[in-house]
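The structure under discussion appears below in the form of structure tokens.
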Amino acid sequence: MHFLADGTIWQHMFHTGVPIAEKIIRPILVYLFVMLGLRLAGKRELAQLNPFDLIVLLTLSNTVQNAIIGDDNSVLGGFIGAATLLTLNYTIVRLAHKNRRLDRLLEGRPEILMHDGKIEFDALHKEMITKAELVAAAHKQGLCSLHEVDRCVLEPTGTITFVAKKPAPELSRHDEIITLLRRVSDELQQLRAITGSAPGTGK
């Protein structure tokens with residue numbers, strides 16, 4: 001372990017190649033830029049409706065990596081950058097939690113994609129979501145088709161929420177009657193079986 005005693009190793013690991021102030025400012029600027037970019041790009045990027053959306057999110061972090069770290073690859077520089085991002089995100093989340101207007105400004109409002117079983121095509125066009133993508137999202141939540149959907153909402157977080165249609169009262173009563181008839185039929189068959197097997201029945 002003699003190499004750990006070499007001061008040049010520790011100096012190389014914890015000596016930042018750029019000023020501390022720059023290491024703090026860089027993550028803040030990148031964070032704000034990415035947040036604004038995702039806000040303007042729409043909620044479909046967060047929803048990841050197709051492979052291209054996933055590719056954008058995966059490559060986005062790699063694209064802005066150099067902008068965050070600059071010419072510094074030191075451990076201390078990484079600690080400073082990570083701490084800055086965590087602190088900034090915590091501060092913004094806390095402020096948005098306390099201020100509803102700020103929360104709506106940062107995250108936006110939910111978009112209704114289906115209402116009363118009808119597709120809101122203007123909303124789909126606004127969010128650049130195709131009907132095929134909407135059907136695929138419904139399948140992921142266990143719905144066979146959009147005919148089973150009463151309401152669909154694209155949440156600010158990018159989650160697509162589906163609310164299935166409730167059966168009509170007439171249909172519910174019909175199902176209850178069918179269930180009762182089947183139960184009565186099963187009980188009659190059981191009674192016949194018991195009566196037929198009892199002694200003195202002539203069988």
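Sorted from fewest to most neighbouring beta carbons within 10 Å, what does the list Thr179, Thr87 look like? Please list the in-between numbers first.
Values: Thr179 10, Thr87 13.
By the 10 Å Cβ count, ascending: Thr179, Thr87.
Quick check: from the Cα gyration tensor, does the range 111-164 come out rounded (a/c under 1.5), prolate or oblate?
Details: a/c = 1.41, a/b = 1.28, b/c = 1.10.
Since a/c stays below 1.5, the shape of the range 111-164 is classed as rounded.
What is the order of Ile92, Ile194, Ile80, fewest Cβ neighbours within 10 Å to most?
Ascending Cβ contact count within 10 Å gives the list Ile194, Ile92, Ile80.
Each reported figure results from applying straightforward, stated rules to the coordinates on display, with no laboratory input. Because the structure is a prediction, the values reported are computed rather than measured. For neighbour counting, all protein chains shown are included, and Cβ atoms are generated from backbone atoms with ideal geometry for every residue, glycine included.
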